[in-house]
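The values are calculated or read from the model by the stated rules, or taken from the named source; none is laboratory data. In this text the structure is predicted, and so the values were computed from the model without any measurement. So basically every Cβ, Gly included, is an ideal-geometry build from the backbone, and we count neighbours across all protein chains shown.
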Amino acid sequence: MSSVYNWQLGREMAYPYEGAAPKEQFAFVININRCIGCQTCTMACKSTWTFAKGQEHMWWTNVETKPYGGYPQHWDVKILDRLEQANPGGQQWSGKPNGDPKKPYGEFGGKTVFEVPQAVARGTQPNQVLGYLPTDEEWRFPNIYEDTAPHGQSKPMDFGKGESIDGDRKHRAWFYYLARLCNHCSYPACLAACPRTAIYKRPEDGIVLIDQKECRGYRKCVEACPYKKSLYRGTTRTSEKCIACYPRVEGKDPETNGAPMETRCMAACIGQVRMQGLVKVDNDTTWVEDRYNPLYYLIHVAKVALPLYPQFGTEPNGYYIPPRWVPLPYLRQMFGPGVDQAVERYRNPDRELLAVLQLFRRSNQIIARYEIEQGPKVYEATRNGKRFEMYDDTIRAFNRQGKEIFETQVEEPVHVRPAVHANSI
Ligand code: SF4
Ligand code: SF4
Ligand code: SF4
């Protein structure tokens, strides 16, 4: 095992290979607060990449209803449970979220999927990564228990007890949609576990791919990925996973004239909750400051978007703006100790955050940089005991070539339909 730096954990971590950071890293932010569970993203991926024989059960991206839903069923509960068994009571964070980009969420003192003793990881067989192979039945439904909410008094999973965001606990029954795809992790567990080194991380953009010629379908990646985003295909006897729509990211789609383009699942999102990008990373995978890259801003400046289960240790590059109506203990387990601050910021956005949130899904191109031009104040009020002011700022987005892609306003423009067309569509 080598020692690599995992900034999401705020410490060095054991990993089977030496660290090798890509030039840029594929990453994305999903705003859970606005996802409507329409599955347009799910179907966009399916109809592009997984419509063939043997792929019927494959949903490279899926949207599941939390807390009960999961694809495969129970994926997160099972891996959390195995980690807890391996390190009883030790899966804890110390320190506080802070401004240090090398440990923004404090330090994780527990064990990752790479660090638990091998005997615990796999019974008697030695293995590099703690994991498990889901049963065939567990892959059956991409969104089982759709829209099922735990009530505040329900048993045994009474997530409604304890702390609540709203203090008055008006949201005692809750659920939310968690849209998921491969996180193109900085330290992929799938790659670590592959005995044929058939999985690789591209040096140019950090996209993680399975070489179909090398794969022999041992399913070690399926077993090891804590997010269960590598899947086995019986007809080819190989494993497959999200390919991050790499031809689009490379700018090969004629629509963008060579400029990097967002993936299918991002571009298809009608809820306008997904934003994908490329970020610059240092040798130790910490992010190089790029203040006006919208992903850098949301994750490292506003700190409103957080990694999914950072404690697994793969340094996932998928980030989420947590849902503001969900009990905090549940969210802390899923997104780490930065949750309190992230929810608070999202509930009371400042001027810049409000402007950056307008960038979601206005273009198919990847936004490399934004600029804000200040406009007049259009609204003020006291909300949640705090002063809130809204300005009609203009925000401009630029692609990697420095070309302006679009501009938009914080206040949505109102278009009045001429009376002659009042009832027409
Ligand atoms: S999410 Fe899973 S499949 Fe994707 S890179 Fe990470 S470990 Fe591999
Ligand atoms: S990035 Fe592309 S391949 Fe990956 S889940 Fe989204 S649509 Fe599917
Ligand atoms: S398309 Fe967007 S809004 Fe619809 S389920 Fe997917 S992420 Fe949510």
* Asked: What are the pairs, 6+ residues apart or on separate chains, where a residue within region 220-233 that is among the hydroxyl-bearing types (Ser, Thr, Tyr) has its Cβ under 7 Å from a residue that is assigned to a strand (DSSP E or B) and within 16 Å of ligand 3 (Cβ to nearest atom)?
  -> Tyr227/Arg180
* Scan region 182-228 residue by residue and report those that are touching a Ser or Thr at 6+ places or on another chain (Cβ under 9 Å), closer than 25 Å to Gly277 by Cβ and assigned to a loop (DSSP other than H, G, I, E, B). => Cys182, Asn183, Cys185, Ser186, Tyr187, Pro188, Gly206, Cys225, Pro226, Tyr227
* Out of region 214-254, which residues are away from ligand 1 (no atom under 14 Å from the Cβ), closer than 20 Å to Gln73 by Cβ and in contact with a helix residue (DSSP H, G or I) (Cβ under 9 Å, 6 or more places away or on another chain)? -> none
* Within region 245-269, can you find the residues that are small (Gly, Ala, Ser) and either assigned to a helix (DSSP H, G or I) or within 16 Å of ligand 3 (Cβ to nearest atom) (or both)? -> Ala267, Ala268
* Asked: Hey, does region 270-278 have a residue that's of a type in the set (Gly, Ala, Ser), over 21 Å from Leu354 (Cβ atoms) and within 14 Å of ligand 3 (Cβ to nearest atom)?
  -> no
* To do: Could you list, in sequence order, all residues of region 32-56 that are in contact with a Gly (Cβ under 9 Å, 6 or more places away or on another chain) and within 16 Å of ligand 1 (Cβ to nearest atom)?
  => none
* Asked: So which residues in region 89-104 are over 9 Å from Gly10 (Cβ atoms), surrounded by 14 or more Cβ atoms within 10 Å (Cβ to Cβ) and at pLDDT 90 or above, if there are any at all?
  -> Gln91
* Any chance you could count how many residues in region 331-370 are closer than 18 Å to Lys96 by Cα and either touching a residue at least 12 places away in the same chain (Cβ under 8 Å) or in a loop (DSSP other than H, G, I, E, B) (or both)? => 13
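Here's the yes/no breakdown for (1) surrounded by fewer than 20 Cβ atoms within 10 Å (Cβ to Cβ); (2) within 25 Å of Asp392 (Cα to Cα); (3) in contact with an Asp or Glu (Cβ under 8 Å, 6 or more places away or on another chain):
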position	(1), (2), (3)
Ile270	yes, yes, no
Asp282	yes, no, no
Arg291	yes, yes, no
Ala305	no, yes, no
Tyr320	no, no, no
Tyr346	no, yes, no
